[in-house]
Structure formats: structure tokens, C-alpha cells
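Shown next, in C-alpha cells, is the structure this report addresses.
The values are calculated or read from the model by the stated rules, or taken from the named source; none is laboratory data. Keep in mind the model is a prediction, meaning the values are calculated, not measured. Here the Cβ positions follow ideal geometry from the backbone for every residue, glycine too, while neighbour counts run over all protein chains shown.
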Ligand code: NOJ
């Protein structure tokens, strides 16, 4: 930052009282404290509010700029798959569903459009993207992740950050991104939300840090700390993760916000502090700049500075970080940004949303039944998630936050799977519907009606899954099997002998091996957003040729979890005695109506640059898109390394009967590891390169190179 700006911020800081400085560190939850209390906080000079929209936010801003030092406040919101807490906004597919597209360009666009809608509501900041890895699918927040792989999460996360922030934060249509939850949150023991992450710092840096590093490189302005702990030390109290690694090693220069109530949690949940003063001291010294909720921090920090226990420079540093971002946004000169309200839910945003939904449906099995033939005249749509917009949206919309309101009247436009199939069906096709059963067994379950309807059809589309009560914070699952009478419903439909297309609409992979094996086709549409239902129908009808690939593995059984493609080697026997080692579906898998053949894998090596090329031929009669994936395996290394690791991918459009050749430029640093000294290094020796259509060995071609 230039010296003038630095001086300007320093001048503001010098004029602030201790009370005003500590207030600047506070982020107040509007939905909890209410309007009166919030206005008092705005007068005191609170730095930020969360979960407040539109006119309520504008009122707080007016109050803030006419009180004390007149420093504008930042408004933060969880706009994590669109600005979903506003019921008129565009609700995109969940992060996990978006990840199925493997399409950074579209995800960047989605970030840009979400930013416009958030900004049109008078807000400045979204708590997104989530860069936790979804490796233990029992965890309740799998839907919020980009899946199990750090490289994919890093690429998609960086794209999303660029979309939110653009290249100039002064642009009123751009908002601050927030990389969260720093760090290791998804890897808590047993998938238990916010539990201890039992791992070494070497592993943390090797596996979990890279997406956060990419976030810093993409210019992400803010980071949110995780609820949990590592090796018994809460992340809120961790100078090592916040100062040494984030600021020191990654060079982060934005500000850090805690997660919800993290400071109080040091006392009430984690028991490493006896009272709020001890907790405040730990959190402030560790390097947390902004304190989400935990209002006791305010009095405690002031008292600690006054009695000489906490240096005022610690507070100054935090406030400098916050003011610097406010300055970078131009907020200090222009506190009320004006962005047209017409952006909210506008046609352009809805059009992108449709594309993203289409690109996020993964076809995983197709026994020559899809796309549906023209002679199919009667479609029975059956199942609990066939016509349930809440299940389709998943977490983080107005149904679930800030207070859960599942009974809320859903806002149009949207289409459930049933509605999508009706829209897509020709005039001479009859579409019938029976719910069959609920996701949770209920008195209204009516399997007989569903069976009758199936018998009277040419083909059944069975839509199963989970519900919003099974996804999100504190909603961890021990058992990933389908709940209620869903399996019984499948069995009864199967008995009819009708052709059966099963669709999973859910927040995460569920265990449904028998169902997949017994179905003629199987598709996954994780929470697909407004047009998730159209997207499923488009794939079934053949209007869209599916191109999505799994960003996460599908276990056969809950007992296989955690299961991910890039595991370490060394399992004695390499399998369970009662289950196969492999998941039902592996990372990277996904079918198309085209057929692709990989040819001419070649590598040329020049100094530390390596060019890998491969040609993909479309040997079918249908134009299609293929996601070409490149993995590597370090043959011998000083520490154990994964059996394979994704290092590049590219989505290519290949017209029918044509070939497209793709080139990937690789560097030695792509084959790096974190050694026992916790340093990232590239070691000389043999490296296997693998290219193909998924992480499964049978889908990959291999070649070996030597790194000097
Ligand atoms: C807690 C969640 O962990 C975090 O992801 C979210 O941004 C905050 N609450 C604010 O709602």
C-alpha cells in the first residue's frame, strides 16, 4: 500500500480511543441482538455486523458514520451459494454441486453475480468460499466444501474469490471474500463438527494448507478461523497457524475474523480459559483481528489493556488490518455504496444458474437407457425428493438461516425434479407422481400408491436423498444409509420390473450400493439450487449431454469412511475382509452420452519445465465435453506420499468424431511434498504421471519421468 494511504489510516487510528479501537474489532450478530442493541453498537463504533439486510443495514451504516470517528461498518453475510438468505436472490447449486462442474470460469462468474446481489442489499462481504476438504463424509458440512481434493478446491476457490472481489475492491459491485474455515475443520475426528483435528503440522501443511495458499495468492481479503483445535490447541488461540503460517509463510495481508462465538468457546466448550478475560487474552495475542459475536471480548479487552496485561499495540495491529481493508474498498470515502436492486434475481444471473445446474449433474451409471427414447410415453416420478425444493436447496438459504424457517413459502422461479420432467416432456408424454415415502418415516408414507403408479408406466424416475435436517452444522451422521422407508420403496418399485432411473438429491454422497446396482441408470444432483430439477430433466431427456465428474468419492458403506482417492499406501492386505477397498464411485468419475478415447500421451522435458500432451477423441455421434485429469505419484519419497494426486485438469469440448489435444505445462514444484522439517520441497527421482477420465487406475494412462 502506498505511504499516503498508510498515513491516512495511521491518522485515523491515532485519533481513536481504546474503546473505539476495541469496538472496531467487534462483529455483532444483528439477528441475535436485535435492532436496538445493534444501533447502540453502531454508535459505539462496532467494526462490523452480520446477518442484516437492506434497510436495516443502511440504518446502521448511517448511525455509524454519524457517531464517534465516523468509521463505516462492514456488513457480512453467508452468501455461500448465491445470496440465499435473501428470498428474492439467485440460489445457485451448493459448493459441492458446483464442484461437480470442474469449471472455474463459470464459478468465477457465479462469484461475480453473487457479489452484485449482496452489494445491491447494501452489504460488503460474504463468508465464502469454504476451503475445508470433504474427506470424512459423516461430517454435516460436506455440502459446503468443494469435495475431497485440495488441488480442485484450491482452483475452484481461487476462481470464486476472483469472482467476488474482481481486481478492484473499490468497485461497488464487488465484495470481500472470506476463506474459511482456517484450518483442518473438515478433518475433525469421526466427522464430528468442531472436534479436535488430530494431526501433525506436517500433514496440515501438506494436505490442508494448499487451497488456503491459493486463496492468499488470489488476493482473498479475509480469513475465518475454524471452530476446532489441533492437537489440543484451539485454532482461536493458535499463534502458530495465524501468525507464523498465515501471515509469515503465506504472506496474508488482510484481516482475520473468528468464527461464531469462538472466543466464548475457549471458556464454555474447549475449557482452555477460565473466564472471558483469559479467553480474550488468548484470542487477541494469537492474531484474531475481528471477533464474531462473543460480546464479552469488548469489556475484557479494554480491562486487559488498562491493567497492562495486554499491550495496546496488539489491538492497534488488529484495527490496522481492518481499516486497511475498509480503505482498500474505498469505504472510508464512500460508505453507502449504490448498486441497483434490479440485480437481485435478474435474468442474466438466472441464466448462469441454469448452466451451472446443468453442469453439476453427474451421470454415474447408464445401461443404455438414457437419454430416454422417443417411445417412452409414461413416466412415473416417485420418491421423497422428487418434489421438495427445500431438499434441493440444502443448507444456507432463507429456509435454514439465520433462523431455520423450513415452513417459509418458497419463492419462484425454481423447478423441482418433478416440475423439470413435466416441463421437458413432450405433449404426448404423461408424467405421474407419487411421493411414496418421506426421508424420515411418516404416517403419510404410501408405498402402495407408488407401486401402482410404477406398474402403470414405461419408466420410473426414483428420486431419493436426504433433507435439510440432515445437513449443516451440528448435523453429523454416523450412518450414511438412506433413511426412512426409502430402501423399502426402492425394493417395491424394483419388484415391478420396470426400467428404473435413480436420482440422488442430497447434501453429500450416501451409501446406496444395492440401489445403484439394481437401477438401470444412476444420477447425482447434490443440492442443485433453483434449476436443479430442470438440470436432472435435461440430462434424462438428452437435451443436455452430461459432463460433470465427482469431486468426492461415494462409499459403499459407512464403515469405509473416511475414503478418498489420494490415500497413503501401506494397508496390510489392502482391503476389508467384509467389504472391498474401493468406493462405489471414485473421485473424478462421471459419464457422458459421448464416448471418449485417450491417445498419444507424450511428455517433453526441458530443464524444470515439462509439457504433457494427450489427445481425446470423441468416438461417438454426439458432441460432448470431457474433463481431462492429470495425476502424479512420487515413486520413492522421504515421507509417505499419496498413491496419486491430482495436479491439473481441463474441461474440453470435443465435437462428434473429432479429436482435441490438450497440453499441460508442469513444473518440478507440482511434484512437491512437505518434508519432516515442515518445508515444501521437490525431491529428485522417478515420478509416475497419469492422465485420464477419473482417478480410477483403469481410467488412467501412465508414463514415468525422472525429476533431476
Ligand atoms: C458459523 C459457521 O461456521 C460459519 O461458516 C459462518 O460463516 C458463521 N457461523 C456466520 O454465520
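Filtering segment 76-97 down to residues that are over 16 Å from residue 346 (Cβ atoms) and part of a loop (DSSP other than H, G, I, E, B), which residue is nearest to the ligand (Cβ to nearest atom)? Among those that are over 16 Å from residue 346 (Cβ atoms) and part of a loop (DSSP other than H, G, I, E, B), it is 78.
When we screen 186, 134 for residues that are closer than 21 Å to residue 210 by Cβ and in a helix (DSSP H, G or I), the only hit is 186. All conditions but one from (1) over 30 Å from residue 482 (Cα atoms); (2) within 16 Å of the ligand (Cβ to nearest atom); (3) surrounded by fewer than 24 Cβ atoms within 10 Å (Cβ to Cβ) apply to residue 108; the one that does not is (2). All conditions in (1) within 16 Å of the ligand (Cβ to nearest atom); (2) in the same structural domain as residue 217 (by TED's automatic domain parsing); (3) part of a helix (DSSP H, G or I) hold for residue 38, with the sole exception of (2).
Being within 16 Å of the ligand (Cβ to nearest atom), surrounded by fewer than 22 Cβ atoms within 10 Å (Cβ to Cβ) and closer than 24 Å to residue 81 by Cβ is a description that does not apply to residue 410. Residues that are in contact with a strand residue (DSSP E or B) (Cβ under 8 Å, 6 or more places away or on another chain), part of a helix (DSSP H, G or I), more than 16 Å from the ligand (Cβ to nearest atom) and over 30 Å from residue 189 (Cβ atoms) occur in segment 454-462; there is at least one. Take the conditions (1) in a loop (DSSP other than H, G, I, E, B); (2) touching a residue at least 24 places away in the same chain (Cβ under 8 Å); residue 308 misses just one of them, which is (2). Of the listed requirements (1) within 16 Å of the ligand (Cβ to nearest atom); (2) over 27 Å from residue 149 (Cα atoms); (3) in contact with a strand residue (DSSP E or B) (Cβ under 8 Å, 6 or more places away or on another chain), residue 287 misses just one: (1). I'd like to check something: does segment 436-446 contain any residue that is under 25 Å from the mean Cα position of the chain (by Cα), at negative phi and within 16 Å of the ligand (Cβ to nearest atom)? Scanning segment 436-446 turns up no residue that is under 25 Å from the mean Cα position of the chain (by Cα), at negative phi and within 16 Å of the ligand (Cβ to nearest atom). Say whether the condition of being outside any strand (DSSP E or B), crowded, with 16+ Cβ neighbours inside 10 Å, on the phi < 0 side of the Ramachandran plot and without any contact (Cβ under 8 Å) to a residue 60 or more places away in the chain is met by at least one residue in segment 649-672. Yes, segment 649-672 contains at least one residue that is outside any strand (DSSP E or B), crowded, with 16+ Cβ neighbours inside 10 Å, on the phi < 0 side of the Ramachandran plot and without any contact (Cβ under 8 Å) to a residue 60 or more places away in the chain. The set of residues from segment 199-232 being in a loop (DSSP other than H, G, I, E, B), in contact (Cβ under 8 Å) with a residue 60 or more places away in the chain and away from the ligand (no atom under 16 Å from the Cβ) comprises just one member, 218.
One residue alone among 122, 70 is more than 16 Å from the ligand (Cβ to nearest atom), at pLDDT below 95 and surrounded by fewer than 23 Cβ atoms within 10 Å (Cβ to Cβ), and that residue is 122.
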